[in-house]
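**Student:** The structure's right below; bear with me while I get my questions together.
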Amino acid sequence: MYAGQLVFSQIMAHLPMPVLRRCVRRYGGNRYVKTFPCLSQFLCMAFAQLARRESLRDIEVCLRAQHNKLYHMGIRGKVSRNTLANANKQRDWRIYAEFAQALIRIARPLYAEDDLGLELDNTVYALDASTIDLCLSVFPWALFRSTKSGVKLCYQRCELVSDPPV
């Protein structure tokens, strides 16, 4: 049996955890928390993102299938749908937004000189459109399909890659 580190743990080892801890302290993320700290919540949600899990039930089932490895992944609290839902509801979103901005500040200089493989002389547009599913009974104004609600989240980024022709 292989006794090395899990791939997930190896990936998470590259993250600046002191920055996350600073964000948690700044916004009081672990205040009044006994069993499921912000780090465990972040690791659960990062695992869910990497494993392409789409719901809290899906996350719970996937993590419970690996319950004997959770400690080695860094997840110290019990993972249940209710625990995840309460953590997502109660914790300040700015903790993770600030941490994401710190990660972007680290990644941006690392890839600033990388060639995109394209010769671009004009403005580049990057568009992202994601649908956020909502409950029809709570959000009747956001009719998405006949049985569900949803909103479309769009993000547009524009940047000038090189000088325009004169």
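The values are calculated or read from the model by the stated rules, or taken from the named source; none is laboratory data. What you are looking at is a predicted structure, and each value in this text was computed from that prediction instead of being measured. Here Cβ is always computed from backbone atoms with ideal geometry, including for glycine, and neighbour counts include all displayed protein chains. Only protein heavy atoms, including side chains, enter the accessible area calculation; ligands, DNA and RNA are left aside. Shrake-Rupley method; radii C 1.70, N 1.55, O 1.52, S 1.80 Å.
**Student:** Determine which single condition residue 64 fails, assuming it passes every other condition in (1) touching a Ser or Thr at 6+ places or on another chain (Cβ under 9 Å); (2) modelled with pLDDT of 90 or more.
**Tutor:** (2)
**Student:** Do you know which residues across region 34-54 are among the aliphatic types (A, V, I, L, M), open to solvent by less than 80 Å² (accessible area, probe 1.4 Å) and either touching a residue at least 60 places away in the same chain (Cβ under 8 Å) or part of a helix (DSSP H, G or I) (or both)?
**Tutor:** 39, 43, 45, 46, 48
**Student:** Sticking with this structure for a sec: Does residue 57 fit the bill of being more than 16 Å from the chain's Cα centre (by Cα), over 30 Å from residue 135 (Cβ atoms), in a helix (DSSP H, G or I) and modelled with pLDDT of 90 or more?
**Tutor:** no
Yes/no matrix, rows are residues, columns are (1) farther than 30 Å from residue 34 by Cβ; (2) at pLDDT 75 or above; (3) exposed (fewer than 10 other Cβ atoms within 10 Å of the Cβ); (4) of a type outside the set (A, V, I, L, M):
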residue	(1), (2), (3), (4)
74	no, yes, no, yes
81	no, yes, no, yes
84	no, yes, no, no
139	yes, yes, no, yes
147	yes, yes, yes, yes
154	yes, no, yes, yes
159	yes, no, yes, yes
